[in-house]
Amino acid sequence: MTKFIRRLQKIGSSILVSLPIEWVKSNKLEKSDEVEIETGTNSISITLTGSSRVPKEVVIQYPVSKEENISADITGAYLLGYDIIKIKGKSAISVGDREKIRGLMRRLVGMEIVDEDATNVNVQFLLDATTLSPDKILKRMSSIALGLFRDTINSLMSDDKTVLQTIPSRDDEIDRQYFLLVRLIRSAMVDKKLATAFNLGNIDILDYRIAANLMESAGDTIVELANSIPELGGSKIEAKKLHILAVEIENIHEKAITSFIENNRLLAIEAIKSFRNYQKKIADIRSSLEPKKQVSIQFLDLVYTLEKLARCWADIADLVKPVYT
């Protein structure tokens, strides 16, 4: 990208700025031609009227090097915002790698195989990025995580633990939305027009990247929690204590996500305070039980996992910027 410095000029009651002649000539513009102007909080972009973004395309040579694998190469291209990914083979693409590619299409939202033969596979991102919303994707991730968490902690008080077996596969949907969100955020970083459409500044883009990562980590922690609960055994007393502790995390979760999406600093402060009170409660439980060895190691491990999950939500709330006057 070439940068130019221009001085504002006043003619009559209007403020004018000249366009770089190099840009005008390269786009074959003439007097009376129209351009499209978009303004942001501290930015302005000028594009040709009716012009559309040229799809980004990348070619992956097959077979890939020994240090790489086809799944990582395609996922990396997806996260970097490429619209068309072409796998070109010097030889026939193996059945195993072809299945990996098909599996990725189920994991990467918006990507579809549009053409393939023995030595080539072309995949394309078929969604219009401007119709997507980082807010809505984050809300969806939050909703899925909350459902996973409720089913997981409710299993503490139930004799039927079969629901825990569904948690890892349901977490896959959080991963799918996470990849889509990271793709949009990275695209917005290099496409000011897209960032303007999302109403995101540079700091907002960074915050969304961190929030997405924390949300994905929260999903993994819930899976960890679900895998650990069967190890608790049949202690109803320990299960009830954990259930009481866990229910409070829902409150932190909902306040944190809402405060981040709505940029509500007061609600974020409430979420952070709730997390600190939760930490104190956990500290009191540990100090009262550990010396007496009244609980199992599995119980203490689950308490630690719950605290780790609560911290994910508190860290998201901590991203909400203070309001300065």
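Considering only residues that are surrounded by fewer than 18 Cβ atoms within 10 Å (Cβ to Cβ) and among the aliphatic types (A, V, I, L, M), look in the stretch 182-204 and name the one that is farthest from Ile44 (Cα to Cα).
Only one residue fits best here, namely Ile203.
In the stretch 133-184, what residues are in contact with a Phe, Trp or Tyr (Cβ under 8 Å, 6 or more places away or on another chain) and part of a helix (DSSP H, G or I)? I'd like the intermediate steps shown before the answer.
In the first step, residues of the stretch 133-184 are kept if they are in contact with a Phe, Trp or Tyr (Cβ under 8 Å, 6 or more places away or on another chain); the result is 133-134, 138, 141, 179, 181, 183-184.
Selection gives Pro134, Leu138, Met141, Phe179, Leu181, Arg183, Leu184.
For Thr196, which of the numbered conditions (1) among the hydroxyl-bearing types (Ser, Thr, Tyr); (2) at pLDDT below 95; (3) closer than 21 Å to Met105 by Cα fails to hold?
All conditions pass for Thr196, except number (3).
Can you tell me which residue in the stretch 157-181 is nearest to the chain's Cα centre (by Cα), limited to those that are within 12 Å of Leu225 (Cα to Cα) and surrounded by fewer than 21 Cβ atoms within 10 Å (Cβ to Cβ)? Don't jump to the end; show me each part of the working.
Of the residues in the stretch 157-181, the ones within 12 Å of Leu225 (Cα to Cα) are 164-165, 167-168.
Now restrict to residues that are surrounded by fewer than 21 Cβ atoms within 10 Å (Cβ to Cβ): 164-165, 168.
Details: Leu164: 24, Gln165: 25, Pro168: 18 Å.
Residue satisfying both the conditions and the ranking: Pro168.
Take the stretch 190-247 and flag every residue that is without any contact (Cβ under 8 Å) to a residue 40 or more places away in the chain, part of a helix (DSSP H, G or I) and either at positive phi or of a type in the set (Lys, Arg) (or both). Let's see the steps before the verdict.
To start, the set of residues in the stretch 190-247 that are without any contact (Cβ under 8 Å) to a residue 40 or more places away in the chain comprises 199, 202, 204-206, 209, 213, 234, 236-237, 244.
Checking the rest, the ones that are also part of a helix (DSSP H, G or I) come to 202, 204-206, 209, 213, 236-237, 244.
Selection gives Arg209, Lys236.
How about the stretch 123-135: which of its residues are under 11 Å from the mean Cα position of the chain (by Cα) and charged (D, E, K, R)?
Of all residues in the stretch 123-135, those under 11 Å from the mean Cα position of the chain (by Cα) come to 134-135.
The one that is under 11 Å from the mean Cα position of the chain (by Cα) and charged (D, E, K, R): Asp135.
If Asp83 meets every condition in (1) within 19 Å of Ala195 (Cα to Cα); (2) modelled with pLDDT under 90; (3) among the acidic types (Asp, Glu) apart from one, which number is that one?
Going through (1) within 19 Å of Ala195 (Cα to Cα); (2) modelled with pLDDT under 90; (3) among the acidic types (Asp, Glu) one by one, Asp83 breaks only (2).
Name the one entry in Asp117, Asp83, Asp73 that is over 27 Å from Met215 (Cα atoms) and not assigned by TED's automatic domain parsing to the domain that holds Met215.
Being over 27 Å from Met215 (Cα atoms) and not assigned by TED's automatic domain parsing to the domain that holds Met215 holds for just one of Asp117, Asp83, Asp73, which is Asp117.
The values are calculated or read from the model by the stated rules, or taken from the named source; none is laboratory data. Nothing here was measured: the structure is a model prediction, and the numbers come from that model. Cβ coordinates were reconstructed from backbone atoms using ideal geometry, including for glycine residues, and neighbour counts include every protein chain displayed.
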